[in-house]
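**Q** Quick one: the structure is below, questions incoming.
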Amino acid sequence: MTSLGQVVFAVENYRRFIFEQVLKARTDSEFGEQVLKNWREAKAKIGVGITPTGLQLPRLALPDLDEAGEIVRFICAEGLPGEFPFLTAAYPEQYLEPAATGSKGNGNSRNGDPALSEEPTRLFAGLGLPEDTNARFHFLSRNQRSKRLSTAFDGPTLYGVGAGAEGVFGKIGEGGVAIDTVEDMERLYAGFELDQPNVSVSMTISGPAPILLAMYLAAAKHRFGPDVGLKLRGTVQADVLKEIQAQNELIFPIEPSLRFLADMVDYCCREMPRWYPISISGYHIAEAGATPVQQAAYTLSNGFAYVDYFRNHGLEVNVFGPRLSFFLDCGLDVEYVALARVCRKIWAIGMRDVFAGDKRAQILKLHTQTSGRSLIAADWRNNLTRTALELMLACMNATNSCHSNSADEPFTTPSAEYARYAAHAQAILLEESGLFKHMMNTLQGSPGMKVIGNAVEEAILEEFREIEEQGGVIGAVERRYQRSQIQASGHRLERQIYDGVRPVIGLNRYNDPAEGWPEVSMSRTPKEKKQLQQDRLHAFEKRHAKESERCLDRLSSVVESRGNVFEELTCTVEHCSLGQITERLCEVVGKFRPMV
């Protein structure tokens, strides 16, 4: 039995544990009295807030229970925010406004910081050259207390290809930012105080992720000194397995890709303790066609596979476990009412009962992005409503951070206008409305949510069982199991839309035949800027020609001797470009070849 099979057993065993505890509370009078006493004490500690209209509300809503068995069922199955099994939330008092004068808080804000010290909004941006994306970052974050910057890279960067490579000129800066050198990285985040606790950076890149993170670290050291790694906050995606299953942006073969990842995780745990060196991503799995359950099952199973691999690589679960993060899609299917909640529960049980992780390692830290696949070109302004609903579902599931898509994305890289509307959608939901800022769990715990959650949990476990029969995650990957299932689900969804079984407003229902193709401003990178990127790259490589060959040779030696490749990359990037490093690593370890 692989560790994934053990996770299935652990979740089933936890269900039995809940049943036994409920029975004990009802038959053991001493235990039952203690449960009632603890429950009364917990309710007494809940703070009270006052709404603008003068209504007094508890900062956390608990059910009105006075029977010990049902109290135990709630505590074990649902739990309190920030407590095992983390179904309600990873941390207490997410989204809540600080306790006002005259009211009392719960005294349980995260890491001792005031409640709502950091907005969950993390908007994705990437276009043109580094200075173009930098300007967009400043535009998007200008009204935020926290500067949470999420970076999209262009196609050549995602594949580790230099801007000067043959055939890539037209793709430079399209759909993301072009990054070739450490100097580009300095331009990208210029003007942001990267060493401050209110600034964090996310980079959505996997194949060359160790190279890009090494560039980011080097750029930060240039500005803030050699010890800045201890202060840097953020995430790099670096999810090798989902690339094989869904996104197709893997560069190196599986084994060396995993090894480079483990080296980066090891380094970050030691030298960048506030950084998340991997974001285990379901978003791209969902966008490739997976159902919500498949997205959750493949993401969680990939996560457990990484834990297995890192342990076997000699890393300690309670050291790297707290530095794992997750990234999920949120669409309009009913499963999203409870999907992220269930993922937190399964992850917590698996990490505790299979991998012996402590509380910090049990917490699934989640970034959510509204569904790009749900954005439709027909009657495209309806996308504003779709994204708003998806944001509400994400917040109902207590996501830790969130990106809201722009309505014009079916046509173009988001314009400044619709990126602003996307940001305001989150602000309206979390700041203007009272749905989430007064009470932690206003929209959680309904009978419908519980029924959906139970059904989703069982469906995820069934997917785990199928992957287990394939020999575990790596065995299933080698048999193309996940990929084939994603493709089948994507085809089924498109067929449902085409046949009208799945309504899409403005496309196959309530569409206006008289409406022509909309006039939308298209964001494109001018040829002059693309040429500038190439010129900058050539100038960098020319200036560092003498040092680059020596650095690349030393990198090759570290790879062959099985040293820490990421640690060496932090030096290599000072004199070598992304394309040069990728090319040399491919010479040493080979290139990824898809399974057929």
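**Q** Excluding same-chain residues fewer than 8 positions from K24, which aspartates and glutamates have a Cα within less than 17 Å of its Cα?
**A** E33, D66, E67, E70
**Q** Then there's this: Leaving out ligands and nucleic acids, and using a 1.4 Å probe, what accessible area per residue does the stretch 285-426 come to in Å²?
**A** 27
**Q** If the reach is capped at under 17 angstrom between alpha carbons, list the aspartates and glutamates near K345, excluding any in the same chain fewer than eight residues apart.
**A** Qualifying aspartates and glutamates at Cα under 17 Å: E12, E78, E83, E335, D353, D358, E457, E458, E462, E463.
**Q** What does the C-alpha gyration tensor say about the overall shape of the stretch 147-280? Classify as rounded when a/c is under 1.5, otherwise prolate if a/b is larger than b/c, or oblate.
**A** oblate
**Q** Moving on. If I compute Cα Rg over 2.2 N^0.38 Å from the structure I just sent, which labelled value in [x] 1.27; [y] 0.98; [z] 1.19 lines up?
**A** Checking each listed value against the structure points to [y].
**Q** Let me ask you something else. Can you give the accessible area of F355, probe radius 1.4 Å, in Å² rounded to 10?
**A** 10
**Q** So which of K147/K171; K221/K546; K43/K450; K365/K591; K171/K546 end up more than 25 Å apart, counting from Cα to Cα?
**A** Too far apart for the 25 Å limit: K147/K171; K365/K591; K171/K546.
**Q** Protein chains only, probe 1.4 Å: how do Y510, Y481 rank by accessible area, largest first?
**A** Working: Y510 170, Y481 25 Å².
My answer, sorted largest first, is Y510, Y481.
**Q** Also: Relative to the first principal axis of the alpha-carbon coordinates of the chain, what is the inclination of helix 527-543, with its axis defined by its Cα atoms, in degrees from 0 to 90 and to the nearest 10?
**A** 70
**Q** Using the per-residue mean of other Cβ atoms lying within 10 Å as a proxy for protection, in what order, highest first, do the peptides 282-294, 301-313, 378-390 fall?
**A** On the way: 282-294: 24.9, 301-313: 21.1, 378-390: 18.1.
The most tightly packed comes first, giving 282-294, 301-313, 378-390.
**Q** In degrees from 0 to 90, rounded to the nearest 10, what is the angle of the helix 254-271 Cα long axis to the longest principal axis of the chain?
**A** Once rounded, the angle reads 70 degrees.
**Q** What is the list of residues in the stretch 43-79 whose amide nitrogen lies under 16 Å from a point 7 angstrom out from the Cα of M449, following Cα to Cβ?
**A** Output list for this probe position: 58-64, 74-79.
**Q** Ok, one more. What figure in square angstrom, to the nearest 10, would you give for the accessible area of V501 with a 1.4 Å probe?
**A** So the heavy atoms of V501 present about 110 Å² to solvent.
**Q** Here is a follow-up. Rounded to the nearest 5, what is the percent of antiparallel bridges among the DSSP beta bridges in the chain? If you can, show how the numbers build up before the last one.
**A** Working: 4 of 34 bridges.
About 10 percent, rounded to the nearest 5.
**Q** Could you give the size of the charge dipole of the chain about its Cα centre, using +1 on the Cβ of each K and R and -1 on the Cβ of each D and E, expressed in debye and rounded to the nearest 20?
**A** 640
**Q** Under the classification rounded if a/c is under 1.5, otherwise prolate if a/b is larger than b/c and oblate if not, where does the stretch 441-596 fall, given a ≥ b ≥ c as square roots of the Cα gyration tensor eigenvalues?
**A** Working: a/c = 2.61, a/b = 1.49, b/c = 1.76.
In terms of gyration-tensor shape, oblate.
**Q** Moving on to the next point. Ignoring everything but the protein chains, give the 1.4 Å probe accessible area of T27 in square angstrom, nearest 10.
**A** In the full protein context, T27 sits at about 100 Å².
**Q** Which residues' amide hydrogens lie under 5 Å from the amide hydrogen of V48, considering only partners 5 or more residues apart or on another chain, with H built in the peptide plane?
**A** R59, K104
**Q** Helix 416-427: angle to the longest alpha-carbon principal axis of the chain, degrees 0 to 90, nearest 10?
**A** Roughly 20 degrees, rounded to the nearest 10.
**Q** OK, next. Hey, any idea what % of the stretch 480-576's accessible area is carbon plus sulfur with a 1.4 Å probe?
**A** On the way: 3120 of 6150 Å².
Its accessible area is 51 percent carbon and sulfur atoms.
**Q** Quick check on the chain: helices-only [θ] at 222 nm, where DSSP H runs of length 4 and up contribute -39,500 (n - 2.57) each and the sum goes over total residues. Nearest 500, please. Mind dumping the intermediate values first?
**A** Working: 22 runs with 285 residues, N = 596.
Here the helix-only value at 222 nm equals -15000 deg cm²/dmol.
**Q** Residue-wise, which Karplus ³J(HN,Hα) couplings in Hz belong to the stretch 44-56, taking 6.51 cos²θ - 1.76 cosθ + 1.60, θ = phi - 60°, and x for glycine or proline?
**A** Taking θ as phi minus 60°, the curve returns 5, 7, 5, x, 10, x, 10, 6, x, 8, x, 7, 8 Hz for the stretch 44-56.
**Q** At a 1.4 Å probe, what is the % contribution of carbon and sulfur to the accessible area of the stretch 285-432?
**A** C and S atoms contribute 53 percent here.
**Q** How far is it, in nm, from the label point at S561 to the one at E30 when both lie 7 Å from their Cα along the line to the Cβ?
**A** 6.3
The values are calculated or read from the model by the stated rules, or taken from the named source; none is laboratory data. Everything numeric here is computed off the predicted structure, so don't read it as measured data. All Cβ positions, even for glycine, are placed from backbone atoms using ideal geometry, and neighbour counts span all protein chains on display. Accessible surface areas use protein heavy atoms only, side chains included; no ligands, DNA or RNA. Shrake-Rupley method; radii C 1.70, N 1.55, O 1.52, S 1.80 Å.
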